[in-house]
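K.L.:
This is the structure I have questions about; it appears just below.
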Amino acid sequence: MAKETPFVPVKIRCPFCAIESTQYYIKMRMYKEAVVEEDSHVAVYEWENPEFGEIRPNFYHIWHCPTCHYCDEREVFRGEDNSGGKSELIKEKLLIHSRMPNSLIANMGSNIHFENERRQVDSAILAHLLAIYAQELLSVNMRQYPKLARFYLRLAWLYREKETLALPDEAVPAGFETFKDYLNSFGESWPGMPTEESQAMDIALARYQDILNHASGADIKYEINVMNLLIAMLRRLGRNAEALRMVRGVFGAATKARQTARAAIQKNINAAKNQGVLNFAAGVIDKATELAEELSDIVFKEELPAAKEAVMKMGPVDAKTVVEKLRELKFSDITARRMGKMFEKQAAGKKK
């Protein structure tokens, strides 16, 4: 009797060099996402068969051609995604860069060990970096920002797992003591290449922000979901004041969507669809209100010591001036307003 395996091997030709290789994906319904963090990272997978407990499905998201070292999602290898019509341009760029002396593509690619079913985090990191690199070779206006945002976020998750799960270095290339040393060696050929979670997440934030900046407003659910993801990422990075501003943006977008849906329902326009939008917006507003209160307290607590010091240096001022000056000093609006109220109460107490 054949031993049970969660893997499905697929012999497939590379969409770039056309040479066949064996790729792997994981059978459906063999595991469930038991613990999902705010930024959508799956922290714990629960397998039907406990023997597979150490397998991380996210290590299999990117496929790698062992011949030309092209890396991308399996939909591209299967011909279901033509990279936004940019396949030929990417191929041209990759051919040029793969033939350069000390090619980053050849170097990284030769250290990806996907030949075995059970993948290690280091190989998954390198595959994601090469998938990103292929996109970054394109000019700014040609890049697929949704894909780049997704890849950078997934890369951040991999760095997180390597650290939090204490995953050991794979076979470190000769001449390097650690995998991190190996990654740092690409500083000249790829300036700004992320080598840790916070760096990858910073870039993912910028790419998701690009998506929002170019959004048409036609799919409000998608845009709010992107904003909520950005909030989770900002909180992960400890940028709570920015997260609070984004929460207010979510509240505003949901409020506008609710008003638009109500107006459409009153005119009997797509009643069922707009009722769905109305229900969605109501849930978003409730959650945003609760989160804004939580973040307001966190931000105020973080800024309070510096705000008190700033107020002490102001000399004789009134509450209104305190608020204005704190805003000028780039304190958050919540801190400026709360300090203004505190100052007003103190002044009232002195008068008594």
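The values are calculated or read from the model by the stated rules, or taken from the named source; none is laboratory data. Not measured: the values here are computed from a predicted model. All Cβ positions, even for glycine, are placed from backbone atoms using ideal geometry, and neighbour counts span all protein chains on display. These accessible areas exclude ligands, DNA and RNA; they are computed on the full protein's heavy atoms, side chains included. Shrake-Rupley method; radii C 1.70, N 1.55, O 1.52, S 1.80 Å.
K.L.:
If you line up the long axis of helix 145-164 against the longest principal axis of the chain, both from Cα atoms, how many degrees apart are they, to the nearest 10?
P.N.:
Around 90 degrees separate the two axes.
K.L.:
Using the Cβ atoms and a cut-off under 13 Å, what net charge is assigned to the surroundings of Lys3, where Lys and Arg are +1 and Asp and Glu are -1?
P.N.:
That works out to -3.
K.L.:
Accessible surface of Lys256 in the full protein assembly, 1.4 angstrom probe, to the nearest 10 Å²?
P.N.:
140
K.L.:
Where the only charges are on Cβ atoms (+1 Lys, Arg; -1 Asp, Glu), what is the dipole of the chain about its Cα centre, to the nearest 20 debye?
P.N.:
Once rounded to the nearest 20, the dipole reads 1820 debye.
K.L.:
Suppose every Lys and Arg Cβ carries +1 and every Asp and Glu Cβ carries -1, with no other charges. What dipole size does region 208-305 come out with about its Cα centre, to the nearest 20 debye?
P.N.:
Result for region 208-305 is approximately 420 debye, rounded to the nearest 20.
K.L.:
Among Met312, Met108, Met246, which one moves the most in a GNM of the chain with springs linking Cα atoms closer than 10 Å?
P.N.:
Met312
K.L.:
Can you give the net charge of the other residues whose Cβ lies under 11 Å from the Cβ of Pro168, counting K and R as +1 and D and E as -1?
P.N.:
My count for the surroundings of Pro168 gives -2.
K.L.:
Of all accessible surface on the chain at a 1.4 Å probe, what whole percent is carbon and sulfur?
P.N.:
51
K.L.:
Another question, if that's okay. Longer than 26 Å from Cα to Cα, which of Lys180/Lys301; Lys32/Lys147; Lys147/Lys273; Lys301/Lys330 are they? Say none if no pair is.
P.N.:
Pairs exceeding 26 Å: Lys180/Lys301; Lys147/Lys273.
K.L.:
Using the Cβ atoms and a cut-off under 13 Å, what net charge is assigned to the surroundings of Leu230, where Lys and Arg are +1 and Asp and Glu are -1?
P.N.:
0
K.L.:
Just how much of Phe251 is accessible, in Å², when a 1.4 Å probe is used and the result is rounded to the nearest 10?
P.N.:
Around 90 Å² of this residue is reachable by solvent.
K.L.:
While we're looking at this one, here's another question. With angles folded into 0 to 90 degrees, how steeply does helix 240-266 sit against the dominant principal axis of the chain? Use alpha carbons for both and round to 10.
P.N.:
90
K.L.:
If contacts are Cα pairs under 8 angstrom and at least 6 residues apart, what is the relative contact order of the chain in percent?
P.N.:
9
K.L.:
Counting only Cα atoms, I'd like the Rg/Rh figure for region 201-352, Kirkwood definition for Rh.
P.N.:
Using only Cα positions, Rg/Rh for region 201-352 is 1.11.
K.L.:
Hey, which aspartates and glutamates would be in cross-link range of Lys93, C-alpha to C-alpha under 16 Å, not counting anything within fewer than 8 residues on its own chain?
P.N.:
Asp72, Glu136
K.L.:
With every protein chain in place, what's the accessible area of Asp297 (1.4 Å probe, Å², nearest 10)?
P.N.:
Around 90 Å² of this residue is reachable by solvent.
K.L.:
While we're here: Just to confirm, what accessible area per residue do you get for region 5-102 at 1.4 Å probe, in whole Å²?
P.N.:
57
K.L.:
Something else: Order of 268-274, 231-237, 321-327 by packing, highest average Cβ count within 10 Å first?
P.N.:
Final packing ranking: 231-237, 321-327, 268-274.
K.L.:
In what order, largest first, do Leu153, Leu212 sit by accessible area if the probe radius is 1.4 Å?
P.N.:
Leu212, Leu153
K.L.:
If DNA, RNA and ligands are ignored and the probe is 1.4 Å, what is the ranking of Glu196, Glu51 by accessible area, most exposed first?
P.N.:
Sorted descending by solvent-accessible area, the residues read Glu51, Glu196.
K.L.:
Return a whole-number percent for the relative contact order of region 57-158, with Cα pairs under 8 Å and 6 or more residues apart as the contact set.
P.N.:
Once normalised by length, the contact order is 30 percent.
K.L.:
Another question, then. With unit charges on the beta carbon (Lys/Arg positive, Asp/Glu negative), name the residue among Ser123, Leu95, Met108 whose Cα is farthest towards the positive pole of the charge dipole of region 73-197.
P.N.:
Result: Leu95.
K.L.:
Give a residue-ordered list of calculated ³J(HN,Hα) values for region 14-27 (Karplus: 6.51 cos²θ - 1.76 cosθ + 1.60, θ = phi - 60°; whole Hz; x for Gly, Pro).
P.N.:
Listing the rounded values in order: 5, x, 10, 9, 6, 8, 7, 8, 9, 10, 10, 9, 9, 4 Hz.
K.L.:
Would you kindly derive the ³J(HN,Hα) couplings of region 46-60 from the backbone phi angles with the Karplus curve 6.51 cos²θ - 1.76 cosθ + 1.60 (θ = phi - 60°), listing them in order in whole Hz, with x for Gly and Pro?
P.N.:
10, 8, 5, 9, x, 4, 9, x, 8, 7, 9, x, 5, 6, 9
K.L.:
For region 189-252, what value does the Rg/Rh ratio take when both radii are computed over Cα atoms and Rh is the Kirkwood radius, given to two decimals?
P.N.:
Rg divided by Rh gives 1.03.
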